[in-house]
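Notes follow the structure.
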């Protein structure tokens, strides 16, 4: 059963295909390698799942030889590329309002990342978190999404929102100079997080393009679309999101069922009908979060195990070895070695 909860709007795939065509790449060949065709892309009801999207991106990178493809696509993702979410962002009264809007409604555009922001002394950190391990396509996906969002913030503020820093959790690529030109700020690699730092003094400044009435109308449309998306979501997707959102441990099957206003037996049957189970979803979420925390290096292995609900550290180590074929300490070591001085001082 394909992972419908990772479905992507085909508009972004069309945009990538268009970019490849401009570069003289055989787009039909790229599409064929991932089981797609130009005719299928014209179908507005087409749903592209994560495995298909992953094949498409890897094929595009391989056949084009352009490793900065994510940045090139991100440069073309204007506010209008994001539909009603983009329109609402253009009507925002402040940068903070735009950030809160994007955080809430990003699921309408992609389910691959979640966005959040927090304040510290003199700055706002905008974080981009993978909602599932992106693996080999982490770099182009994060580059495209982050560049697109930063361009929107720059556009609605008419250049007043000067990004201070962009951070990526992967090694510095050979095209790093291009990234710095496009983001127009310091770009650091090998960091423990993905995101950007904005000056705090601009996030609440009124925006000249702000239109309160247009914003309210657009936000209402976004909310209706989000409600519809949630209503049509698979039970597995809803449970997985509930598990990912847990801040103080994971709910049991009984608690999760109660939150969805059904009996544990009914929830179990719904999940089985979709080809999964509560236990499998919990295992997948634990793996997702384990990889994120081990790579970040912010917590000890013992702390990660406790956070993920393992009362026995040995059980966590066995689970991690089953997932990645190596113990967590060995998985962390290469990442830790890559991080340099630039990682210090940033959480």
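The values are calculated or read from the model by the stated rules, or taken from the named source; none is laboratory data. No experiment lies behind these values; they were computed from the predicted model shown. Every residue, glycine as well, gets a Cβ built from its backbone with ideal geometry; the counts of neighbours run over all protein chains shown.
Residues in the stretch 36-48 that are touching a helix residue (DSSP H, G or I) at 6+ places or on another chain (Cβ under 6 Å), assigned to a loop (DSSP other than H, G, I, E, B) and closer than 16 Å to residue 11 by Cβ: 46 alone. The requirement of being out of contact with any strand residue (DSSP E or B) (no Cβ under 9 Å at 6 or more places or on another chain), over 27 Å from residue 175 (Cα atoms), assigned to a helix (DSSP H, G or I) and in contact (Cβ under 8 Å) with a residue 24 or more places away in the chain is fulfilled nowhere in the stretch 119-135; no residue meets it.
Among the conditions (1) in a helix (DSSP H, G or I); (2) buried (at least 21 other Cβ atoms within 10 Å of the Cβ); (3) over 16 Å from the mean Cα position of the chain (by Cα), residue 57 misses just one, which is (3).
Checking each residue in the stretch 242-278 for being in a helix (DSSP H, G or I), free of Cβ contacts under 8 Å to residues at least 60 places away in the same chain and within 19 Å of residue 307 (Cβ to Cβ) picks out 242, 243, 245, 255, 256. Do we have residue 171 as at pLDDT 95 or above and surrounded by fewer than 15 Cβ atoms within 10 Å (Cβ to Cβ) here? No: the conditions fail for residue 171. As a summary of the residue check, residue 98 satisfies the conditions (1) surrounded by fewer than 21 Cβ atoms within 10 Å (Cβ to Cβ); (2) in contact with a helix residue (DSSP H, G or I) (Cβ under 6 Å, 6 or more places away or on another chain) except for the one numbered (1).
Residue-level analysis places residue 292 among those that are surrounded by 15 or more Cβ atoms within 10 Å (Cβ to Cβ) and touching a strand residue (DSSP E or B) at 6+ places or on another chain (Cβ under 8 Å).
Filtering 139, 132 for residues that are surrounded by 18 or more Cβ atoms within 10 Å (Cβ to Cβ) and modelled with pLDDT of 95 or more leaves a single hit, 139.
With respect to the conditions (1) exposed (fewer than 14 other Cβ atoms within 10 Å of the Cβ); (2) modelled with pLDDT of 90 or more; (3) under 18 Å from residue 104 (Cα atoms), residue 218 falls short on a single one, namely (1).
The set of residues in the stretch 13-71 that are modelled with pLDDT of 85 or more, touching a strand residue (DSSP E or B) at 6+ places or on another chain (Cβ under 8 Å) and under 22 Å from residue 147 (Cβ atoms) comprises 13, 53, 56.
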